[in-house]
Structure formats: C-alpha cells, structure tokens
Amino acid sequence: MIDVKVPAFSESVSEGTLLSWHKRPGDPVARGDVLVEVETDKVVLEISAQQAGVLTEIVKPEGAVVAGEEVIARLDPDATPAPAPAALEPAKAPPEPSQPETPPLSPAVRKLVAERGLDPQALSGSGKGGRLTKADLPASAPAPGQPADSRPTRPASPAGTRSEQRLPMTRIRARIAERLKQAQNTAAILTTYNEVNMRPVLELRRRYQEAFTKKYGVKLGLMSFFVRAAVEALRSFPVVNASIDGQDVVYHGYFDIGIAVATERGLVVPILRDADRLSLAEIELAIADFAARAKSGKLAMEDLAGGTFSITNGGTFGSMMSTPILNPPQSAILGMHNILERPVVEEGAIVARPMMYLALSYDHRLIDGREAVLFLVAIKSVLEDPARILLGL
C-alpha cells in the first residue's frame, strides 16, 4: 500500500480543508491523476497520484481538516481494477392505460380548452353525442378537490417564498476577512487621490499593440505601465516600499509588487518579484499567467508569499472611486479605476480626455501625507509621459 499524503505546507499555513474527492475506493488511478483538492487560507492545492494503481481507501472524507503530510488515502499499486459490470438492458416501460375516447371538439371549443388549461375528459358535455360546448367550459381549471363544473371567480395566487441558505465560510474567505480586519485594527489607514490623463498610454498601446502582440504572444495592457510607474515612484519614496516590524521600520531594497486578482473563491494577490528588472512584456506575461492559474486554482503558496507594495484594479469591474485596504504587512496599496472621457482644461481650452482616478491607501503611522501625495504625483507624471520609463526619469 502507498499512503497518499497532504503536501507539506509553508510556515504560515498550519492546516487545510479537503474539498472534493475526484476518485472513489475501487477506482483505477493513473500517475498524475488528481485525487482530491485541499483548500488552505491562501490557495487551493491539487493532490495527485504519484503512482498508478487502485484507490483502496479514503481515510479523510470531504470537509475534513487536515495538517501537512497527513495521510488521507491509500493506494494499491499492484491491484487490478475490477471489470465494469455488463450493461443491463433497460426495462421496458409498461404500456400506458388506454384513454377513453372523447367526442371531437369544435375549433372554438378546442381553443378555449387550451387557453384555460382544461382537461376535456374531466368535463361533461351537453351537446349532441356528449360533445362539449362553450357553455360547458369553466372560466379556469378547477383547483384540486373542486368539482369540475364549479366556476371560481378568482384563481388563488401561489404563496411567496423567502428562502435562506447557510454555508460555512471558505478558508480563503475567512483568511481574507481576518487580514483585512487586522489591517483596519492595526494600521492608521488614510487614502489620498489624484487623477491621470491616460491618453498618452492609450495612444502608445494603440500604436504598438499589433507588433507587441505578434512578438511576445501577449497583449500590451495597462497593468505593466502601472507596475513600472509604481517602481519608479517607489525608488523616489522608499518609505512607501517599507513596512513596520514591531518597533522597527524595514526598508526593502527590492520591489516585489502584489497584483490583486479576483477569483470565484475570493481575492488573491500573487507577487511579481523583482519588478524593477522586468520589461513590459515580461510583466504582461507574468500577470497573464497569474490570472490563468488563479482562476484554475493552480497558484502555489510561494506565489502569494511576501510582497512590498500592491496594485488593485477595480476599473475592470467599472469602479470609479474606491479606498483600497492595505495588504499587511505592506504599508501602501495603489487603486486603479475606470477610464472615462471627461472634460479637462488644457492651455485654457476645455477638451475631452480619457481620465482615471487614482487612489493610494497608506499606513499613516509610517508614511506622512507629503510622501503619499508626492508618490501619487510621481506615478501620474510617468503615466502622462511614458517616455520617462525608458529614460528612468
């Protein structure tokens, strides 16, 4: 027998919950087949068979809380799958009882019978040979228990329902709630706003989109520009890239940017490591990979560990303005929003420009308002003049 175990968790994860078994005892298993999923407070992990065989026993059922390296099932590599049972011929349905013949209906009566939902066999006709006439038809179908010849003046309305459903909170959702509440209880969160004219970036994308996509196999999006703009601003204001650890301030000499990704199970923030060393294409490829693996539940724990600064884009859902919440222990987070044509003044003239509101939430215990405002101004300057990215200005 081979023990099927939960993989070892990272130091920050102590336990998980088994979600759904993909195999049952007696099922044949090939090497690499997914046996079960385990949900931690960060990601959903797939546990696959390391060897072919037959699953003989499930030790831990769905919904069980398990620790790292705990045995959850057993597999016999030498067992032979039982042959599938021979298919049985479906039983023949008994013949339906013959219905008594009904005198034919006239076209007018047939139309009224259909409109009122009536059963002509339940009605007695007064016409020749027992045929139904218009006078024999009730105004509507009789209610259960009512005689067929009664004529209710008003049909009863079905009673309304007020249903409720109670489900346990998933580990990921519980962890999100815990961390966000921790941020509100611990940090002195303040948010500052600015707006940016996205016309230069949008024109740059339009001009080079086809060539960029053809060369790198990924579209040139907005997030890569914001990541590079954030890195340049963090260089100028390193306190925004720092964090508080007890009575110490930790200044990070690297730029690990968290990119918020919405999934059906909740929000996850995979980390784009050493973002300052990545090109726009490398950033776009990494973000596309994060999004695909987040939606399919394939993110690893190391993808979510660490991070010095985060970016979230509520604009993809149509958000115009929001106040992002910090992702502890980080001290700041940048919020992107929807792009809309708005009137602005340029050189004394009112013109329409694609504008976006920016929001920077920050921990006021560490970052003063001056640094926060200037940091946001620095991001605005880079986005409104993307050549600064190439020149390092």
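Taken together, the criteria exclude G318 from residues that are in contact with a strand residue (DSSP E or B) (Cβ under 7 Å, 6 or more places away or on another chain), on the phi > 0 side of the Ramachandran plot, open to solvent by 20 Å² or more (accessible area, probe 1.4 Å) and not aromatic (F, W, Y).
Table: residues versus (1) outside any loop (DSSP other than H, G, I, E, B); (2) touching a Leu at 6+ places or on another chain (Cβ under 7 Å).
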| site | (1), (2) |
| --- | --- |
| M169 | no, no |
| I176 | yes, yes |
| K181 | yes, no |
| N185 | yes, no |
| N194 | yes, yes |
| A233 | yes, no |
| V249 | yes, yes |
| H252 | no, no |
| L267 | yes, no |
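From the list V38, V4, V54, the one residue that fits, being assigned to a strand (DSSP E or B), at pLDDT 80 or above and farther than 15 Å from R74 by Cα, is V38. Taken across region 232-250, residues that are over 23 Å from L366 (Cβ atoms) and surrounded by 15 or more Cβ atoms within 10 Å (Cβ to Cβ) do not occur at all.
Inspect region 322-338 for any residue being assigned to a loop (DSSP other than H, G, I, E, B), of a type in the set (A, V, I, L, M, F, W, C) and modelled with pLDDT under 95 and give the result as yes or no. Yes - at least one qualifying residue is present in region 322-338. Per the conditions (1) under 20 Å from M336 (Cβ atoms); (2) touching a residue at least 60 places away in the same chain (Cβ under 8 Å), the sole criterion not satisfied by T263 is (2). Being open to solvent by 50 Å² or more (accessible area, probe 1.4 Å), hydroxyl-bearing (S, T, Y) and under 21 Å from L383 (Cβ atoms) is a property that does not hold for S224. For region 260-275, the tally of residues that are at pLDDT 95 or above and either surrounded by 21 or more Cβ atoms within 10 Å (Cβ to Cβ) or not charged (D, E, K, R) (or both) stands at 2.
Selection of region 310-338 for residues being of a type in the set (A, V, I, L, M, F, W, C) and more than 18 Å from D248 (Cα to Cα) yields I311, F317, M320, M321, I325, L326, I333, L334, M336.
The values are calculated or read from the model by the stated rules, or taken from the named source; none is laboratory data. Since we're looking at a predicted model, the values are computed, not measured. Don't worry about glycine lacking a Cβ; one is built from the backbone with ideal geometry, like all the others, and counts go over all protein chains shown. Ligands, DNA and RNA are excluded from the accessible area calculation, which covers all protein heavy atoms including side chains. Shrake-Rupley method; radii C 1.70, N 1.55, O 1.52, S 1.80 Å.
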